[in-house]
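Below: one structure, written as structure tokens.
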Amino acid sequence: MRQTILFALLLLSAVTKAQVIRGKVVNAANEPLAGATISWLGSTNGTRAGETGEFEITLINQLIKKLIASHVGYLPDTLEITDKTFVQFQLKQ
């Protein structure tokens, strides 16, 4: 019983520490890049930007703090996440 309670507390602790990062991907003219891929560097955990270029991704591993954004026809860009909750990528061709 104690092990079950301890496991539940550890799981709850891990869930509450998950940080949600929101952002936007745009081109050099500040136009949204719908469908851009955003992922944690070195991870398969990722998402895609919506029609307005906006995205939301959860920071699961506290050791991986770099996001990379890419889109067909543009150079990928990497940003380091510190205590930010909103980031903007501006991809160049």
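The number of residues in segment 34-45 that are under 14 Å from L79 (Cα atoms) and either among the aliphatic types (A, V, I, L, M) or not in a loop (DSSP other than H, G, I, E, B) (or both) comes to 5.
Of all residues in segment 49-74, which are closer than 12 Å to L33 by Cβ and not in a strand (DSSP E or B)?
Filtering segment 49-74 for residues closer than 12 Å to L33 by Cβ gives 49-55, 69-74.
Once the filter is applied, which keeps residues that are closer than 12 Å to L33 by Cβ and not in a strand (DSSP E or B), segment 49-74 yields A49, G50, E51, T52, G53, H71, V72, G73, Y74.
Candidates in segment 72-81 are the residues that are open to solvent by less than 80 Å² (accessible area, probe 1.4 Å) and not hydrophobic (A, V, I, L, M, F, W, C); of these, the one that is nearest to the chain's Cα centre (by Cα) is T78.
Could you list all residues from segment 14-67 that are touching a residue at least 12 places away in the same chain (Cβ under 8 Å) and either touching a helix residue (DSSP H, G or I) at 6+ places or on another chain (Cβ under 7 Å) or of a type in the set (S, T, Y) (or both)? Passing the criteria: T37, S39, S43, T52, T58.
Is segment 11-33 home to any residue that is outside any strand (DSSP E or B), surrounded by 13 or more Cβ atoms within 10 Å (Cβ to Cβ) and at pLDDT below 95? No, because not a single residue in segment 11-33 is outside any strand (DSSP E or B), surrounded by 13 or more Cβ atoms within 10 Å (Cβ to Cβ) and at pLDDT below 95.
Residue-by-condition table, conditions (1) small (G, A, S); (2) more than 11 Å from the chain's Cα centre (by Cα); (3) surrounded by 15 or more Cβ atoms within 10 Å (Cβ to Cβ):
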site: R48; (1), (2), (3): no, no, no
site: T52; (1), (2), (3): no, yes, no
site: E56; (1), (2), (3): no, no, no
site: I64; (1), (2), (3): no, no, yes
site: L67; (1), (2), (3): no, no, yes
site: S70; (1), (2), (3): yes, yes, yes
site: D83; (1), (2), (3): no, yes, no
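Using the structure shown, decide if I60 is at pLDDT below 95, more than 10 Å from the chain's Cα centre (by Cα), surrounded by 13 or more Cβ atoms within 10 Å (Cβ to Cβ) and of a type outside the set (K, R). So I60 fails the test.
The values are calculated or read from the model by the stated rules, or taken from the named source; none is laboratory data. This is a predicted model, so every value here is computed, not measured. Cβ sites come from the backbone with ideal geometry, for glycine too, and all protein chains shown count toward neighbours. With ligands, DNA and RNA removed, areas are computed over all heavy atoms of the protein, side chains included. Shrake-Rupley method; radii C 1.70, N 1.55, O 1.52, S 1.80 Å.
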